[in-house]
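Peer 1: Can you read through this structure? Questions will come right after.
Here, each number is a calculation from the coordinates, and none is a lab measurement. All values derive from a computational prediction rather than experimental measurement. Note that we place each Cβ from the backbone using ideal geometry, even for glycine, and neighbour counts take in every protein chain shown.
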Amino acid sequence: MIFNLIAPFNTPEGLGIWIAAFLTLCIFSFLYKDNPFYKFAEHLFVGVSTGYYISIYYWNTLKPNLIDELRKGFSALGEGNVQKAFGLDENGSIIAEPHLRMVVPLMLGIFIFLIFISRKNAWLSRISFAWYIGVASGIAIPASMATRVLIQAQGSVRDFCIFNAGCANAAGLDPQTATTSLWINSALLLIGTLCAVAYFFFSLPSKGVLKAMNKVGIYFLMISFGASFGYTVMARISLLIGRFQFLFYDWLGINI
Amino acid sequence: MIFNFLNLIFQIQIKEGKGPVFLVLVLFICALVFFLDKARKGASFKIRKIAGLDAVNEAIGRATEMGKSILYTTGLETASHIATIASLTILSRVAKRAARYGTRLQVPSFDPIVMTLSQEIVRESYLEEGMIDSFRKDDIFYLTQEQFAYTAAVEGVLIREKPATVFLMGYFYAESLLLAETGNSIGAIQIAGTDAVTQLPFFIVSCDYTLIGEELYAASAYLSEDSSIISSLKAQDFGKALLWIFLFIGSIFTFFGSVKFLSIIGGSS
């Protein structure tokens, strides 16, 4: 164990280390019980992060996407160029910069704020929410279907090609790698997938073959959860080690 | 005309390499319309018991008996996430029960849009139950969009308010165990539901009931006990049955070296 100097208090970097160490200990104090130090760190964390995100949203989203676009749109309108003001080229085709077309999302945003301003007109917010949820679902559902269902299913089926030279070549797999252990692995994967999918049939009564499949499916799920648990816990421990390293090495100057 | 229109869209989707997704979605929508029509004609659908959802009423009742509050979090995703949408529909059911029993419901939110949606959903639920005077807008509040700041704040609420029931429904990241452990330490009955595969193990070990993936999506229909809504579950099962058949038959075909089948599913290199 080597003792270096404790972080200096009188330099900006040293002061930063002291503040970080103090706040780390404040948060760790929650392990004992709720206390004023934890409350202080919690409120500071929430307040600072909210302020930070407001700033991020303003500079990264509101200003470039709305304020600047509207400004450009109004200046084009002032020059008498109506088509450019609404983000259209000479032929009337839509260009990438929306300019005054951003009035539509602005209105949708204002509608949401009506909930807080006017209860009488709050119903308008439903237009915004319907738009938001509708567009988001429209984007999310096909994407999820492709990445989380179809590509996975295609991959599972494709892997069985490896046991046939012609099919393996067509699939771009190396038939030389087809060993007995791979065969067992592929069979287990297929049984596990079929049984796990069967577990999620809600409208069929869990009887007979389906009941047995459900049971096997839940065993497969629990084994995979167990493996995932162990893996993630190890990753979390490394985060804790990182924090202790900061406290001992950067703050107290103890090099273990 | 409709067929021509669909054919045109299908051709466009194939050109963009999205043919299979489009086909599956069309089949799913057809199944949905079919089962919805059956439900409207009076057919009743049975669904198997889901322990985590059967416990929802019990958990709300427990909070009522103890005179304590319910804490409901919709996770750490925006309203565009499927798990958040599912969570918001469950919130509606929970809020109705809470309103009926006069139990306080707190909803700390991670996202401002989700907070506004939650406020409207809870308000609507209280209105439907004729308990709008009991609705407390400030109980559905925004915290922050910083992951661990949000976690610290929710932990603070859990420790200080000591709710009798905690619902953790939606999409979660590394904070899942921190939230569930704190809820466990205060003796709250906890029902979690997520489709975040990496976080499910943490909920399983620290919560009383856990809704695994699809169970979260099924929750709204299950809790509604309404045939027309449950018909969507039948359509979901139809989709899963298609997947099951595809996996089973597809594996046999490819195992016996069917290059043709491989090219149909787009698996050839």
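Peer 1: When you look at the Cβ of every residue in A:188-195, what mean number of other chain Cβ atoms sits within 10 Å?
Peer 2: The shielding value for this peptide is 2.
Peer 1: Roughly how many nanometres apart are two label points built 7 Å out from the Cα toward the Cβ at A:Ile139 and A:Thr50?
Peer 2: With each label placed 7 Å out from Cα toward Cβ, I get 2.7 nm.
Peer 1: To the nearest 20 Debye, how big is the dipole of the protein assembly as shown about its Cα centre, given +1 on the beta carbon of each Lys and Arg and -1 on that of each Asp and Glu?
Peer 2: The calculation lands at about 1240 debye.
Peer 1: Taking a label point 7 Å from the Cα of A:Ser224 along the Cα→Cβ vector, which residues of the range A:197-211 have an amide N closer than 18 Å to it?
Peer 2: The answer is A:197-202.
Peer 1: Using 0.36 nm per residue of separation minus the Cα-Cα distance, give me the extension gain between A:Asp174 and A:Leu25 in nm, one decimal.
Peer 2: Values: separation 149, 0.36 × 149 = 53.64 nm, distance 5.44 nm.
Result: 48.2 nm gained on full extension.
Peer 1: Could you check how many percent of all C-alpha pairs in the range B:200-269 are farther apart than 15 Å?
Peer 2: 69 percent
Peer 1: May I pose another question? Among the listed pairs B:Lys46/B:Lys96; B:Lys162/B:Lys234; B:Lys41/B:Lys137, which are separated by more than 30 Å between their Cα atoms?
Peer 2: Pairs exceeding 30 Å: B:Lys162/B:Lys234; B:Lys41/B:Lys137.
Peer 1: Within chain A, which is the longest segment containing none of the trypsin sites (Lys or Arg not before Pro) that sit in a DSSP loop and have at most 13 other Cβ atoms within 10 Å?
Peer 2: A:121-206
Peer 1: Sticking with this one: What is the log10 of I(q)/I(0) for the range B:92-235, computed with the Debye formula using one identical point scatterer on each Cα and no solvent, at q = 0.15 Å⁻¹?
Peer 2: Those come out to -0.83, one per q.
Peer 1: List every DSSP H helix in chain B whose Cα atoms extend 18 Å or more along the helix's own long axis and whose mean Kyte-Doolittle hydropathy is at least -1.0.
Peer 2: B:2-15, B:19-40, B:51-66, B:82-101, B:112-128, B:147-161, B:227-255
Peer 1: Bin width 10 Å, alpha-carbon pairs only: give the P(r) of the range A:8-117 as whole percents, running from 0 to the bin holding the largest distance.
Peer 2: For the range A:8-117, the pair-distance distribution reads 13, 23, 21, 14, 16, 11, 3.
Peer 1: Calculated FRET efficiency, A:Arg243 and B:Phe141, Cβ-Cβ r, R0 22 Å, to nearest 0.05?
Peer 2: 0.15
Peer 1: Okay, moving on. Counting partner chain Cβ atoms within 10 Å of every residue's Cβ in B:116-126, what's the average?
Peer 2: That works out to 2 on average.
Peer 1: Hey, which aspartates and glutamates would be in cross-link range of A:Lys72, C-alpha to C-alpha under 18 Å, not counting anything within fewer than 8 residues on its own chain?
Peer 2: Candidates past the 8-residue exclusion: A:Asp89, A:Glu90, A:Glu97.
Peer 1: Determine the calculated [θ] at 222 nm for chain B from helices alone, applying -39500 (n - 2.57) to every DSSP H run no shorter than 4 residues and normalising by the residue count; nearest 500 deg cm²/dmol.
Peer 2: Calculated at 222 nm, the ellipticity per residue is -20500 deg cm²/dmol.
Peer 1: Still on this model: Is the shape of chain A rounded, prolate or oblate, going by the alpha carbon gyration tensor and its root eigenvalues a ≥ b ≥ c, with a/c under 1.5 for rounded and a/b larger than b/c for prolate?
Peer 2: Note, shape of chain A comes out oblate.
Peer 1: Counting helices only, and only those DSSP H runs with n ≥ 4, report the 222 nm mean residue ellipticity of chain A as the sum of -39,500 (n - 2.57) divided by its residues, in deg cm²/dmol to the nearest 500.
Peer 2: -21000 deg cm²/dmol, from helical runs alone.
Peer 1: Under a Cβ-only charge scheme (Lys and Arg +1, Asp and Glu -1), can you give me the dipole magnitude of the range A:8-117 about the Cα centre, in debye to the nearest 20?
Peer 2: With Lys and Arg at +1 and Asp and Glu at -1, about 260 debye.
Peer 1: Considering chain A as a Gaussian network with a 10 Å cut-off on Cα pairs, which listed residue, A:Asn65, A:Asn169, A:Asn91, attains the greatest mean-square fluctuation?
Peer 2: Result for chain A, Cα springs under 10 Å: A:Asn91 fluctuates most.
Peer 1: List the relative contact order of the range A:8-117 as a percent without decimals, with contacts defined as Cα pairs under 8 Å and 6+ residues apart.
Peer 2: On the way: 67 pairs, mean separation 15.2, N = 110.
Worked out over the range A:8-117, it gives 14 percent.
Peer 1: Which of B:Ile132, B:Tyr150, B:Pro108 sits farthest toward the positive end of the charge dipole of the range B:51-223, with +1 on the Cβ of Lys and Arg and -1 on the Cβ of Asp and Glu?
Peer 2: The residue sitting most towards the positive pole is B:Ile132.
Peer 1: What are the DSSP H helices in chain A that stretch 18 Å or more along their long axis, judged by alpha-carbon atoms, and whose average Kyte-Doolittle hydropathy comes to at least 1.6?
Peer 2: Answer set is A:12-28, A:103-117.
Peer 1: Would you mind checking the pairs A:Lys39/B:Lys68; B:Lys38/B:Lys260; A:Lys33/B:Lys68 and listing those with alpha carbons more than 29 angstrom apart?
Peer 2: The answer is B:Lys38/B:Lys260.
Peer 1: Something else now. Loop by DSSP (not H, G, I, E, B), at most 15 other beta-carbon atoms within 10 Å: where is the longest site-free stretch of chain B for GluC sites (Glu not before Pro)?
Peer 2: B:17-224
Peer 1: Right, here's the next one. On each of the three principal axes of the Cα atoms of the protein assembly as shown, give max minus min coordinate, whole Å, ordered largest first.
Peer 2: The Cα atoms of the protein assembly as shown stretch 74, 73, 53 Å along their principal axes.
Peer 1: Compute from the Cα atoms of the range B:173-215 the Rg and the Dmax, the latter being the longest Cα-Cα distance, and quote both in angstrom.
Peer 2: 9.5, 29
Peer 1: Could you tell me which of A:Ala140, A:Leu221, A:Ile241 has its Cα farthest along the dipole of the range A:117-256 towards the positive end, charges placed at Cβ (Lys, Arg +1; Asp, Glu -1), taken about the Cα centre?
Peer 2: A:Ala140
Peer 1: Right, here's the next one. With the crude spin-label approximation of a point 7 Å out along Cα→Cβ, what separation in nm comes out for A:Ile184 versus A:Met234?
Peer 2: 2.2 nm
Peer 1: Something else now. Among all stretches of chain B without exposed chymotrypsin sites (Phe, Trp or Tyr not before Pro) (DSSP loop, at most 16 other Cβ atoms within 10 Å), which one is longest?
Peer 2: B:1-172
Peer 1: Let me ask you something else. I'd like the distance between the alpha-carbon centres of the range A:140-179 and the range B:81-126, rounded to an integer number of Å.
Peer 2: 41 Å
Peer 1: Please say if chain B is rounded, prolate or oblate, where rounded means a/c under 1.5 for a ≥ b ≥ c the square roots of the C-alpha gyration tensor eigenvalues, and otherwise the choice is prolate for a/b larger than b/c and oblate otherwise?
Peer 2: prolate
Peer 1: Given 0.36 nm per residue, what is the gain on full extension from A:Ile110 to A:Lys211 after removing their alpha carbon distance, in nm? The partial results should precede the final answer.
Peer 2: Working: separation 101, 0.36 × 101 = 36.36 nm, distance 5.27 nm.
That pair, A:Ile110 and A:Lys211, stretches by 31.1 nm at full extension.
Peer 1: Can you give me the relative contact order of chain B as a percent, contacts being Cα pairs under 8 Å and 6 or more apart?
Peer 2: Values: 384 pairs, mean separation 58.6, N = 269.
Relative contact order of chain B: 22 percent.
Peer 1: Could you work out the mean count of beta carbons from other protein chains within 10 Å of each residue's beta carbon in A:226-232?
Peer 2: Neighbouring Cβ atoms belonging to other protein chains average 4 per residue here.
Peer 1: Binned at 5 Å from 0, what are the whole-percent values of the Cα-Cα distance distribution for the range A:54-185, short to long?
Peer 2: 2, 9, 10, 10, 11, 11, 9, 6, 5, 6, 7, 7, 5, 2, 1, 0
Peer 1: Over the range B:46-142, what number does the Rg to Rh ratio reach, with both radii from the alpha-carbon atoms and Rh per Kirkwood?
Peer 2: Ratio value, two decimals: 0.97.
Peer 1: Expressed as a rounded percentage, what relative contact order does chain A have, with Cα pairs under 8 Å and six or more residues apart?
Peer 2: Result for chain A is 20 percent.
Peer 1: Looking at the range A:53-108, which GluC sites (Glu not before Pro) are DSSP coil and have at most 12 other C-beta atoms within 10 Å of their C-beta? Intermediate values should be presented prior to the final figure.
Peer 2: On the way: sites: A:Glu69, A:Glu79, A:Glu90; in loops: A:Glu79, A:Glu90.
Here the GluC sites (Glu not before Pro) that fit, given the DSSP loop and packing criteria, are A:Glu79, A:Glu90.
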